[in-house]
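The values are calculated or read from the model by the stated rules, or taken from the named source; none is laboratory data. Note that the structure is a prediction, hence the values are computed from the model and not measured. Here the Cβ positions follow ideal geometry from the backbone for every residue, glycine too, while neighbour counts run over all protein chains shown. Areas reflect the complete protein model, heavy atoms only, side chains present, ligands, DNA and RNA absent. Shrake-Rupley method; radii C 1.70, N 1.55, O 1.52, S 1.80 Å.
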Amino acid sequence: MSRYHIAVIAGDGVGPEVIAEGKKVLNALGSPVVTFTDFPWSSNFYRQTGRFIPEGGLDEVKGFDAIFFGAVGDPDIQDHVTLNNLILPIRRYFDQYACVRPAYLFHGVRSPLADRTGGDIDLTVIRENTEGEYADIGGRIYQHTGQEVAVQTAVFTRHGTERIIRYAFEEARRRKKKNKVTSITKSNAQGYSMVFWDEVFKEVAREYPDVRTESLLIDAASMDFVRRPQDFDVVVASNLFGDILTDLSAIIIGSMGLAPSANLNPERKAPSMFEPVHGSAFDLIGKGIVNPLATILAGAMMLDFLGEGAACERIYRAVADNLRETNLRTPDIGGSASTSQVGDDIARRVAG
Ligand code: IPM
Ligand code: MN
């Protein structure tokens, strides 16, 4: 029987609340056997030790099969400090360059878009996850003077651009849905990096004559996610554009609380990381009403990546059945159930 060792970083805010339900559901599977090792890395850990990740911490995690991540962000610590010291270093250190963010409108969930019902929206955003606008390069001079200058550089390498675009085409083949890849840039204004991206997209597309392609500018794509979401299948975008589009793709399927995310190292040279798209949600902490489904679905994606497609299916089916058949859901999607009641229901269905 397969046994997987998972490093768990529950993190800040509602992170521990959603991770508890994610573990509950994975434990309910029985097979495969998933064991968890908790790492306390978080803003509280930073307050106590002065670091988000202890010396040598990442190498300790390296031997695990995957990382299950909750959320990070704290009202008392500037976000760029938290994020640049915890989640972004993990994505880069383990070369988790493919961020996969599926958005599926489940039957029984109301989209804020008029006339969209279950199954109408079924797309996945492939976000470049290690470079682009998130490259930690830049500087500030003459701070707090009238001459102040801030520079932040976006980095697009051929290696990085080619591999994420190729991943998107492979994903389109794997999904067997609309067999289409939409590439997002802003090449009408950003004449170097984004024109380069468009060129690489055309080159790689030639290797996949069976897959249809489309290139959109980010502004028009944002409009089209609202106007014609049913036309999208795989969408590939740079780090920042993918970040922004995946809040949009999360809300059109009914809630941020339904959107899972996988940070993949497709070559499996290092562990991949699975998390909800949402953050630490200060306003919900401790109320027991945060939606655990995004994290539960991230757990399913983790199993799929580990080669346990059937177990992944069981979890997806349990979530779909819960949403189609019951009103046992958290307030963000119109229910009055608690986080743990939802987790219990999914765990029961998975075990059944
Ligand atoms: C996300 C988040 C992160 C990102 C933040 C927390 C750095 O918004 O995972 O989408 O921008 O990548
Ligand atoms: Mn985001």
If one builds a Gaussian network model of the chain from Cα atoms under 10 Å apart, the most fluctuating residue listed among Gly70, Gly160, Gly119 is Gly119
For the chain, what relative contact order do you get, as a whole percent, if you take Cα pairs closer than 8 Å and at least 6 residues apart? 24
About the Cα centre, and with charges only on the beta carbon of Lys, Arg (+1) and Asp, Glu (-1), how big is the dipole of the chain? Nearest 20 debye, please. 800
Semi-axes in Å, largest first, for region 232-352 (Cα gyration tensor, √(5λ)) are 24, 19, 13
Accessible area expressed per residue, the chain, with surrounding protein chains retained (probe 1.4 Å, Å²): 43
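Distance check, please: which entries in Lys176/Lys202; Lys62/Lys287; Lys62/Lys177 exceed 24 angstrom between their Cα atoms? Mind showing how you got there, number by number?
Numbers: Lys176/Lys202 21 Å; Lys62/Lys287 34 Å; Lys62/Lys177 34 Å.
Exceeds cut-off: Lys62/Lys287; Lys62/Lys177.
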So, for the Cα atoms of region 122-252, Rg and Dmax in Å stand at 16.1, 56
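Rounded to the nearest whole Å³, what is the per residue volume of the convex hull around the Cα atoms of the chain? Before the final figure, lay out the partial values.
Numbers: hull volume 52.3 nm³, N = 352.
For the chain, the hull spanned by Cα atoms encloses 149 Å³ per residue.
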Computed over the Cα atoms of region 63-161, what is the ratio Rg over Rh, Rh following Kirkwood? 1.09
Would you compute, from DSSP H runs of 4+ residues alone, the mean residue ellipticity of the chain at 222 nm, taking -39500 (n - 2.57) per run and dividing by the full residue count, rounded to the nearest 500? -12000 deg cm²/dmol
Karplus ³J(HN,Hα) for region 60-71 (6.51 cos²θ - 1.76 cosθ + 1.60, θ = phi - 60°; Hz, whole; x = Gly/Pro) runs 5, 6, 4, x, 7, 6, 6, 10, 10, 10, x, 7
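Can you send over the carbon and sulfur percentage of the accessible area for the chain, probe radius 1.4 Å, protein chains only?
Working: 7690 of 15100 Å².
Within the chain, the accessible surface is 51 percent carbon and sulfur.
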Alpha-carbon centroid distance for the pair region 224-270 / region 329-352, whole angstrom: 24
Can you give me the Cα centroid spacing of region 132-152 and region 19-83 in angstrom? 31
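Work out the length of the dipole vector of region 122-252 about its Cα centre, built from +1 on the beta-carbon of each Lys and Arg and -1 on the beta-carbon of each Asp and Glu, and round it to the nearest 20 debye. Working shown, then result.
Details: 18 positive and 21 negative charges, 99 e Å.
Computed charge dipole of region 122-252: roughly 480 debye.
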